[in-house]
Amino acid sequence: MRTIGAAAGVLLVALSLFPSPAFPVLYIDINSPGGKRMPIAVADFVVGPGDPSLSRRIPKILSDDLALTELFDLVPSTAHMETVTAAHFSGKPLSFPGWKMIGAEAVVIGNVSVRGDRLSVEMRLYDATQGTLMVGKRYSGTPAQLRSIVHRFANEIVFTFTGVRGVFGTEIAFSARSGKSRGKEIYIVGMDGQDLRKMTDNRSFNLFPRWSPDGQWVAYTSYRTGVPNIYLRNVSTGAEKEVVRFGGSKAPGGFSPDGVWLFAGVSVAGNSDIYRVRVVGGTLEKVADGWGLEVSPSPSPDGRRIAFVSDRGGSPQVYVKSIGAAGETRISNGTNYATSPSWSPAGDRIAYTARSGGRFVIMTVAPDGSGSRDVASAPDGDCEDPSFSPDGRSLVYTYRKRGYSSLKIISSDGRRQRTLVSGLVDAGSPAWSPGR
Amino acid sequence: MKGTFSWKWAVIVVSIAALMAAGCAKKQTVKSEGAQGAPGAAAGQAAPGAGAGAAVKESPVPAAAAPAVQPPPAAAPGIAVTEERPSQFDDVRFDFDKSEVKDEGRKTCQVVADFMKKNPKAKLLIEGHCDERGTPEYNMALGERRATAVMTYLVSLGVPKADLSTVSFGKEKPLDPGHNEEAWAKNRRAHFVLK
């Protein structure tokens, strides 16, 4: 994976200075449920010029991120004994025995300054036992980027301890009915539930958001002209272009990992098939077809295969096929209704919605159809439309009960769950952005 | 499982390396991620994204990564309100996950076909709809198939295809906002709109 490559790069820099044959890293085993958590303290930040409340606000953002992983135990700030000062950033050592005494095995310190619209943040992670710096970063940007900067360092911390980059700062796009509008708009919300905002505001139906691999574009279907077409929206600049007008109903499914192709289910003469189209423009190429309905293409992380839905066998089921090759394998089993596959960016699992006992539930399965597993279900409602996080460790999905719905996030082993946004109406098609 | 916290070696190695890099036993290195950061600081970083344009990410840290300040949502997600353009024709209803035009629907189609043949200038839009169960994309395609099934039947009754068009709204425009079989049966429909 790319993140591992990045890790190797960082470590190689260190290694080249001090060659060593073997070096076990301070490690949290993310695959061991119920394993020991890392006790960590996030000290109040030193504020240079700037709002003094940042001293507590930044540690709060960082602590909330770390708490979400359930890999850390946060040592409460009321227990902290040492006040961190500017001197600690210019050579003065922290009194690590004191941090150890209150139970912290790792300590995060930081300083922040705001000059006009210039924000500078330095953050350091120390091993309290060894008294050594594990990772330190300086960031600069605008005050509006504070949260995104802090999320980045939270990702560094998670990466340092686990070898897998965190997903803080990633976002989830979804569709839902909005206040007075009779249609549905696309919304975007941070994976921490913050910063909910509208991406579209045209009072028609705006559906099926899908992120480009660079996280800059969202493909979606809009009825703004009265008929459905697929558009690409740049989430930073708002720039937009139409990519698919051909055919009747249409829904983007996902991009190829190189960002060149957009896969979509498109109906022609009432029969939906899977197509792909170049994002820069061009004609549609058919990828999968049949007499049945073929919808919801989800590309594998290597771009060679897609998972998709077909009802060719009499009921909707999930199939996997190699792009450009004949034949496909059915991977959903034991249900008469399986839809909306999402291929994990880690490659090893495909999540989908299954109908079970009159309810809809989330299941995952290996791409060869083996190892099927229940992940999310609710006795009083439906769990639908899963989308994997960029690290493959979590899924976002919709929970629906009598029209009211919420977005929930669950660990991919189904053990830990939280509500991301509640009180939505007819929320659908959540899509988790790529890593940041 | 014991000893997941075996820091020692890497921490020692990395920190010694860091100390050496700093060239001073008292200082420890901090990587700069600011736009003005040394080029070397970004050398070990890789963009978490992929493909064209993804490399933007790490060096000029948040400048490219975070969107500009967004205005707050103009309206919070709210209550479902749908409107149906009234039709002089009945809806054609369907069974769950099906698109066959049943006997009742055939009678409706005959009424529609008679009207269309008497009014050769009329243009008819056939909307395909589904109930709320199941995922949106599949329902979108199913609605299209229902609308097309009705169009095909009307053509078989002698209505010129050029006077007909279809659009699917999937599960997005329920006629009855209820959440029971009675509502679902009304919502699985083809709806006629004279243009």
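The values are calculated or read from the model by the stated rules, or taken from the named source; none is laboratory data. The structure displayed is predicted, hence computed values, not measured ones. Neighbour counts are summed over all protein chains in view; Cβ atoms, including those assigned to glycine, are modelled from backbone coordinates with ideal geometry.
So which residues in the stretch A:71-85 are assigned to a loop (DSSP other than H, G, I, E, B), within 15 Å of A:ILE109 (Cβ to Cβ) and not β-branched (Val, Ile, Thr)? A:HIS80, A:MET81, A:GLU82 - these are the residues of the stretch A:71-85 that are assigned to a loop (DSSP other than H, G, I, E, B), within 15 Å of A:ILE109 (Cβ to Cβ) and not β-branched (Val, Ile, Thr).
Each residue in the stretch B:123-146 was checked for being part of a loop (DSSP other than H, G, I, E, B) and either in contact (Cβ under 8 Å) with a residue 40 or more places away in the chain or more than 7 Å from chain A (Cβ to nearest Cβ) (or both), and 5 of them qualify. Scan the stretch A:114-168 for residues that are under 19 Å from A:VAL84 (Cα atoms), within 17 Å of the chain's Cα centre (by Cα) and basic (Lys, Arg) and the total you get is 0. Suppose we keep only residues that are at pLDDT 90 or above and in a loop (DSSP other than H, G, I, E, B) within the stretch A:285-308. Which one would you say is nearest to A:VAL243 (Cα to Cα)? Restricting to residues being at pLDDT 90 or above and in a loop (DSSP other than H, G, I, E, B), the top hit is A:GLY303. Return a yes/no flag: does the stretch A:175-184 have any residue that is more than 9 Å from chain B (Cβ to nearest Cβ) and either touching a residue at least 24 places away in the same chain (Cβ under 8 Å) or closer than 30 Å to A:ASP73 by Cα (or both). So far as the stretch A:175-184 goes, no, none of its residues is more than 9 Å from chain B (Cβ to nearest Cβ) and either touching a residue at least 24 places away in the same chain (Cβ under 8 Å) or closer than 30 Å to A:ASP73 by Cα (or both). Taking the stretch A:419-436 as the range and being under 12 Å from the mean Cα position of the chain (by Cα) and at the interface with chain B (Cβ under 9 Å from one of its Cβ atoms) as the test, the residues that pass are A:PRO434, A:GLY435, A:ARG436.
So is A:TYR139 assigned to a strand (DSSP E or B), free of Cβ contacts under 8 Å to residues at least 60 places away in the same chain, touching an Asp or Glu at 6+ places or on another chain (Cβ under 8 Å) and not small (Gly, Ala, Ser) or not?
Working: assigned to a strand (DSSP E or B): yes; free of Cβ contacts under 8 Å to residues at least 60 places away in the same chain: yes; touching an Asp or Glu at 6+ places or on another chain (Cβ under 8 Å): yes; not small (Gly, Ala, Ser): yes.
When the stated conditions are applied, A:TYR139 passes them.
Condition test on A:LYS250, is it modelled with pLDDT of 90 or more, under 19 Å from A:ALA326 (Cβ atoms) and either under 25 Å from the mean Cα position of the chain (by Cα) or not aliphatic (A, V, I, L, M) (or both)? It is false that A:LYS250 is modelled with pLDDT of 90 or more, under 19 Å from A:ALA326 (Cβ atoms) and either under 25 Å from the mean Cα position of the chain (by Cα) or not aliphatic (A, V, I, L, M) (or both). Here B:ALA162 passes the criteria (1) assigned to a strand (DSSP E or B); (2) over 13 Å from B:SER99 (Cα atoms) except the one numbered (1).
For the stretch A:122-136, the set of residues classified as in contact with a helix residue (DSSP H, G or I) (Cβ under 6 Å, 6 or more places away or on another chain) and either basic (Lys, Arg) or under 13 Å from A:VAL42 (Cβ atoms) (or both) consists of A:MET123, A:LEU125, A:ALA128, listed by residue number. Of the residues making up the stretch A:167-174, not a single one is facing chain B (nearest Cβ under 9 Å), surrounded by 21 or more Cβ atoms within 10 Å (Cβ to Cβ), part of a strand (DSSP E or B) and of a type in the set (Gly, Ala, Ser).
With the condition kept exactly as written, say whether any residue in the stretch B:99-122 is within 14 Å of chain A (Cβ to nearest Cβ), among the polar types (S, T, N, Q), under 19 Å from the mean Cα position of the chain (by Cα) and closer than 30 Å to A:ASP385 by Cα. Even if it seems obvious, please write down each step before you answer.
Quick first cut of the stretch B:99-122, residues within 14 Å of chain A (Cβ to nearest Cβ) only: B:99-101.
Pick out the ones that are also among the polar types (S, T, N, Q) and you get B:99.
Filter again for under 19 Å from the mean Cα position of the chain (by Cα), leaving none.
No - not one qualifying residue is present in the stretch B:99-122.
Please determine whether any residue of the stretch A:271-281 is more than 10 Å from chain B (Cβ to nearest Cβ), over 18 Å from the mean Cα position of the chain (by Cα), surrounded by fewer than 18 Cβ atoms within 10 Å (Cβ to Cβ) and assigned to a strand (DSSP E or B). Looking through the stretch A:271-281, at least one residue is more than 10 Å from chain B (Cβ to nearest Cβ), over 18 Å from the mean Cα position of the chain (by Cα), surrounded by fewer than 18 Cβ atoms within 10 Å (Cβ to Cβ) and assigned to a strand (DSSP E or B).
Filtering the stretch A:188-200 to residues that are assigned to a strand (DSSP E or B) and in contact (Cβ under 8 Å) with a residue 24 or more places away in the chain leaves A:ILE188, A:VAL189, A:GLY190. If the condition is being under 25 Å from B:GLU172 (Cβ atoms), part of a loop (DSSP other than H, G, I, E, B) and at pLDDT below 95, then the stretch A:419-436 contributes A:ASP426, A:ALA427.
Which one of A:GLY428, A:GLY358 is under 19 Å from B:TYR138 (Cα atoms) and free of Cβ contacts under 8 Å to residues at least 60 places away in the same chain?
Answer to the check: A:GLY358.
Across the stretch A:389-418, the number of residues qualifying as hydroxyl-bearing (Ser, Thr, Tyr), within 12 Å of the chain's Cα centre (by Cα) and under 30 Å from B:PRO177 (Cβ atoms) comes to 1.
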